[in-house]
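A.B. asks: Sharing a structure, written as structure tokens. Questions coming.
Here, each number is a calculation from the coordinates, and none is a lab measurement. Note that the structure is predicted; figures quoted are calculated from it, not measured. Note: ideal-geometry Cβ built from the backbone for every residue, glycine included; neighbour counts use all protein chains shown.
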Protein chains: 2
Amino acid sequence: MRLSRYFLPVLKETPGDAQVVSHQLMLRAGMIRQTAAGIYAWLPLGLRVLQKIAQIVREEQDRAGAIEVMMPTIQSAELWKQSGRYEAYGPEMLRITDRHDREMLFSPTAEELFTTIFHNGAKSYRDLPRNLYQIQWKFRDEVRPRFGVLRGREFLMKDAYSFDVDFAGARHSYNRMFIAYMRTFARMGLEAIPMQADTGPIGGDLSHEFIVLAPTGESDVFYHENWLQPRDTAAVDADDAAGLEAFIDGLNADYAATDEKRDPAAEAAAGDKLQQSKGIEVGQVFYFGDKYTKAMGVTVQGADGTPITPLMGSYGIGVSRLMGAIIEARHDKDGIIWPDAVAPYKVVLINLRVDDAACLAAADDLYARLTAAGVEVLYDDRDERGGAKFATADLIGVPWQLVVGPKGIANGVVELKRRGGDKIEIGIDAAVERLTA
Amino acid sequence: MRLSRYFLPVLKETPGDAQVVSHQLMLRAGMIRQTAAGIYAWLPLGLRVLQKIAQIVREEQDRAGAIEVMMPTIQSAELWKQSGRYEAYGPEMLRITDRHDREMLFSPTAEELFTTIFHNGAKSYRDLPRNLYQIQWKFRDEVRPRFGVLRGREFLMKDAYSFDVDFAGARHSYNRMFIAYMRTFARMGLEAIPMQADTGPIGGDLSHEFIVLAPTGESDVFYHENWLQPRDTAAVDADDAAGLEAFIDGLNADYAATDEKRDPAAEAAAGDKLQQSKGIEVGQVFYFGDKYTKAMGVTVQGADGTPITPLMGSYGIGVSRLMGAIIEARHDKDGIIWPDAVAPYKVVLINLRVDDAACLAAADDLYARLTAAGVEVLYDDRDERGGAKFATADLIGVPWQLVVGPKGIANGVVELKRRGGDKIEIGIDAAVERLTA
């Protein structure tokens, strides 16, 4: 993409109303604009990152055997009355009356609708287990939306719902999502720690929140320092229920809990290895049994003909929030430092002298070659000073900067710099080779 | 995907409340379920097709130089008051009051918000031309939603908005979208005819609706029979403004108009080549000049320092409606016949005898080989009769059916059938080769 034809409205000043660094940087880097309290428009650069995050989430859900669907954002209040949540949900639910005076709402989550859709399609025990998920916009009418996409009102969420015939199956479904979440966050360069979390009035120990450590987080969290080491999930076979359970039990042997689930005995055992921090919740896995299937009268036929009430779990990832969490974890004073997997472009190609014929020819040629090789290049072909171009490149945090200048071109070399790292002089062909490897 | 682990709730009976064939088939093929009047849940098979249609739309928008963004679904009423449309829009606009009693709405279209976002980011004539688009859910509170996704309330729409410094530029932006639309619909196997359409109170001749001919369409349309021949747009260079204009003028020399824009003289000239039909509108391109930029006080700095009011066009494609239009155009008594480009899977692999070891081994092997080669396979590995499997395969309309049965396997052959076409016996390796070519 040529920057001269793009839409990248970067800001020189930090907007005064943005309190946390991710919000500041997303505004400054021209990724988002607020259009109402807690509601954002996604500009081209922000949308590209959002799509990459969503795609990683999708791939890991698919890999875990979950099946993608999509529910409408506007739902009838009727289902929510059946489950009892229409009254219980409170003012965070955006309630709507349509032209025929029917009560509707903007989905803040979708247990009721997934339960209904599943019920409509599954008749027998052979139709289980199933895990259905969507990546769809949600709305929660936060009383004080803040911190940009970390706590917005309209946000993109992946929500999955599993259906099983018995607890052993439900536990395995839970574990599959657990490991899928570990893999998802690791692919984005995040160390997200699964922490025992509050299960509310339903109880049980089957709920974990995945927390990214960040000083700007809203949650107080407590964990064994072993969690600061990255965990290798590559070798786990998620189809092997017993092996997967053992692996996850092994992980959870290291203490980690949110404020609501602190365990004094476990903390005493951790001793001086106990860490306390602030964190950002980026995902939650939750088993709740027959809460919705029972309330909504859902059964399937068992092997012996008797009806079975399916047991459910739900599994959320804050897709748009993840972008904020990644920036909180990866930035410096000059801007964002994207992990490769979610970077909006791989390379920003900077032509320092658009009025120099040799530079122009070399930069155009590099752009053509890299693009033809499938490399995502943002080509800064604008008639601007070099300083402004470097500042923009650092701000938007693209992993590689490839710099074409008159002195280098005279010697057949360009400058290749890793964002947040070293720079080298390198021959033109070698640079192409490095970036296409 | 193994059908035994999928979620494909096909219906044997045609639902009584579905009047048009696309609605009937989408329900029967387990693609959608209605969740409220004019509001649908997208089940796995339907979502796959929706994503493929959206991706074709996206690729052709990108190719035409448009830049993808995404606006929130929930917008503040303020902007709509500025443009004067908050009152004018009427009861089709879903109006919402949030917890702080602020007036909000679910976006039925987004001229106001795109104009604002553009204004915020573009300062000078050098920042034009630009064309920004999104693929996002819209809501229009139709008084009588009907015909499934053809006239739903919540629907997926691509909307693009162009900004130019003068009329010549705006005309070129319009033409680029015009040709992008021809290409988009052609890639989906649709013959969509661009017809002069009503421009409303703004006037001018720069509005075309793209209409798919179908007896179930809601529009009466009139056109020269030349339009029944497919048009080749491959050779047109969309960057060449004059050549593109000449090409489109050439197309439009053949009369085509919607009911509101009939031209008696042109119809007389067409004589007995004039055709009348019903049609489904799948897209519209519309030039409206400074209507919004003027009302909302948008200017950029011109080359000589004087302010310029940008001229705009907007360009819509009904992404979810297209699915209905494609089915209306491509089905038979047994079900849907997908064009390859939007088919949910390329092949349905049918094992006629899951209890036969040779069949099972051959089918599993075919599934593994095709999947490894990147072919999208739906593998009917269920313990069902062959008749039911063939009926499902025909109903869901996947382009190829690959059938493994005991007699064939004994002779080393399988059956390969084109949906709606012929079937052949073919060696296993040859079948793989055919499907991966």
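A.B. asks: Averaged over its residues, how many other protein chain Cβ atoms are within 10 Å of peptide B:6-17's Cβ atoms?
C.D. replies: Details: counts 3, 12, 2, 7, 1, 1, 0, 0, 0, 0, 0, 0.
Mean number of neighbouring Cβ atoms from other chains: 2.
A.B. asks: Taking every residue in A:72-79, how many Cβ atoms of other protein chains lie within 10 Å of its Cβ, on average?
C.D. replies: 6
A.B. asks: While we're on this one: Label position 7 Å from Cα toward Cβ: report the copy-to-copy distances for A:ASP422 in nm, one decimal, ordered from shortest.
C.D. replies: Those label-point separations list as 6.5 nm.
A.B. asks: I would also like to ask the following. What is the magnitude of the charge dipole of the protein assembly as shown about its Cα centre, with +1 placed on the Cβ of each Lys and Arg, -1 on the Cβ of each Asp and Glu, and no other charges, expressed in debye to the nearest 20?
C.D. replies: It works out to roughly 280 debye.
A.B. asks: About its Cα centre, how strong a charge dipole does the range A:1-129 have in debye, to the nearest 20, once Lys and Arg get +1 and Asp and Glu get -1 at the Cβ?
C.D. replies: Charge dipole of the range A:1-129: 680 debye, to the nearest 20.
A.B. asks: In addition: Calculate how many DSSP beta bridges within the protein assembly as shown are antiparallel, expressed in % of all such bridges and rounded to the nearest 5.
C.D. replies: The answer is about 85 percent antiparallel.
A.B. asks: Where the only charges are on Cβ atoms (+1 Lys, Arg; -1 Asp, Glu), what is the dipole of chain B about its Cα centre, to the nearest 20 debye?
C.D. replies: 1160
A.B. asks: Let me ask you something else. Would you tell me the mean number of C-beta atoms belonging to other protein chains that fall within 10 Å of each C-beta in B:98-108, as a whole number?
C.D. replies: For this peptide, the per-residue mean of nearby foreign Cβ atoms is 4.
A.B. asks: List the pair-distance distribution P(r) of the protein assembly as shown, using every Cα-Cα distance, as the percent of pairs falling in each 20 Å bin from 0 up to the bin containing the longest distance, rounded to whole percents.
C.D. replies: All Cα pairs, binned at 20 Å, distribute as 13, 44, 36, 6, 0 percent.
A.B. asks: Another question, if that's okay. In nanometres, what is the gap between the two model label sites at A:ALA269 and B:GLU92, each 7 Å from Cα along Cα-to-Cβ?
C.D. replies: Output for this residue pair reads 6.4 nm.
A.B. asks: Toward the positive end of the charge dipole of chain A, about the Cα centre and with charges on Cβ (Lys, Arg +1; Asp, Glu -1), which of A:ILE337, A:PHE163, A:GLY65 goes farthest?
C.D. replies: A:ILE337
A.B. asks: Now for a different question. Taking Cα atoms of the range A:63-187, Rg/Rh with Kirkwood Rh, to two decimals?
C.D. replies: With Rh from the inverse mean 1/r over Cα pairs, Rg/Rh is 1.00.
A.B. asks: Using a label position 7 Å from Cα in the Cα→Cβ direction, what is the ascending list of nm distances from B:THR306 to the same site in the other copies?
C.D. replies: Distances between equivalent label points, in nm: 8.7.
A.B. asks: Can you give the relative contact order of chain A as a percent, counting alpha carbon pairs under 8 Å and 6+ residues apart? Mind showing how you got there, number by number?
C.D. replies: Details: 846 pairs, mean separation 72.9, N = 437.
Rounded, it is 17 percent for chain A.
A.B. asks: Further question on the same structure: Starting from the Cα-Cα distance between B:GLU260 and B:ARG2, subtract it from 0.36 nm times their residue separation and give me the gain in nm to one decimal. Intermediate results must be reported in sequence, preceding the final value.
C.D. replies: On the way: separation 258, 0.36 × 258 = 92.88 nm, distance 4.98 nm.
Working it through step by step, the gained length comes to 87.9 nm.
A.B. asks: Cα convex hull of chain A: mean projected area in nm², to one decimal?
C.D. replies: Mean orientational projected area (chain A, Cα hull): 24.6 nm².
A.B. asks: Can I ask one more? Return the long-range amide H neighbours of B:TYR40 (sequence gap of 5 or more, or a different chain), with a cut-off of under 5 Å between placed amide H atoms.
C.D. replies: B:THR35, B:GLU154
A.B. asks: Angle between the Cα long axis of helix A:241-252 and the longest principal axis of chain A, 0 to 90 degrees, nearest 10?
C.D. replies: Taking the Cα atoms of chain A, the angle to A:241-252 is about 70 degrees.
A.B. asks: For a protection proxy built on the mean count of beta-carbon atoms within 10 angstrom, sort B:157-170, A:52-65, A:243-256 highest first, please.
C.D. replies: Highest-to-lowest ranking by the protection proxy: B:157-170, A:52-65, A:243-256.
A.B. asks: Given the range A:345-436, what whole percent of its Cα pairs are spread farther than 20 Å?
C.D. replies: Values: 1033 of 4186 pairs.
The share of Cα pairs beyond 20 Å in the range A:345-436 comes to 25 percent.
A.B. asks: With unit charges on the beta carbon (Lys/Arg positive, Asp/Glu negative), name the residue among B:TRP227, B:MET104, B:MET26 whose Cα is farthest towards the positive pole of the charge dipole of the range B:3-336.
C.D. replies: B:MET26
A.B. asks: OK, next. Starting from the Cα of B:ASP429, step 7 Å along the direction of its Cβ; do the same at B:ASN120; then give the gap between the two resulting points in nm.
C.D. replies: Result for the modelled spin labels: 6.1 nm.
A.B. asks: Going through the range B:347-385, which trypsin sites (Lys or Arg not before Pro) have at most 14 other Cβ atoms within 10 Å and a DSSP loop state?
C.D. replies: In loop regions of the range B:347-385 (DSSP not H, G, I, E or B), the sparsely surrounded trypsin sites (Lys or Arg not before Pro) are B:ARG385.
A.B. asks: Okay, next question. Compute the label-point distances linking B:LYS333 to its equivalents in the other copies; points lie 7 Å from Cα along Cα→Cβ; give nm, one decimal, shortest first.
C.D. replies: 7.9
A.B. asks: A further question follows. Going toward the positive end of the dipole of the range B:25-107, with +1 on Lys and Arg Cβ and -1 on Asp and Glu Cβ, which of B:TYR89, B:TYR40, B:ALA54 do you reach last?
C.D. replies: B:TYR40
A.B. asks: For each pair in A:LYS81/A:LYS291; B:LYS138/B:LYS294; A:LYS333/A:LYS407; B:LYS158/B:LYS291, compute the distance between the two Cα atoms and list the pairs where it is over 19 Å.
C.D. replies: Long pairs (Cα-Cα over 19 Å): B:LYS138/B:LYS294; A:LYS333/A:LYS407; B:LYS158/B:LYS291.
A.B. asks: May I pose another question? Counting other C-beta atoms within 10 Å, and keeping those with at most 11, which DSSP coil chymotrypsin sites (Phe, Trp or Tyr not before Pro) do you find in the range B:95-139?
C.D. replies: Values: sites: B:PHE106, B:PHE114, B:PHE118, B:TYR125, B:TYR133, B:TRP137, B:PHE139; in loops: none.
Taking the range B:95-139 and a limit of 11 other Cβ atoms within 10 Å, no loop chymotrypsin sites (Phe, Trp or Tyr not before Pro) are found.
A.B. asks: Can you say what percent of the DSSP beta bridges in the range B:345-436, counting only those with both residues inside, are antiparallel? Round to 5.
C.D. replies: Values: 9 of 18 bridges.
The answer is about 50 percent antiparallel.
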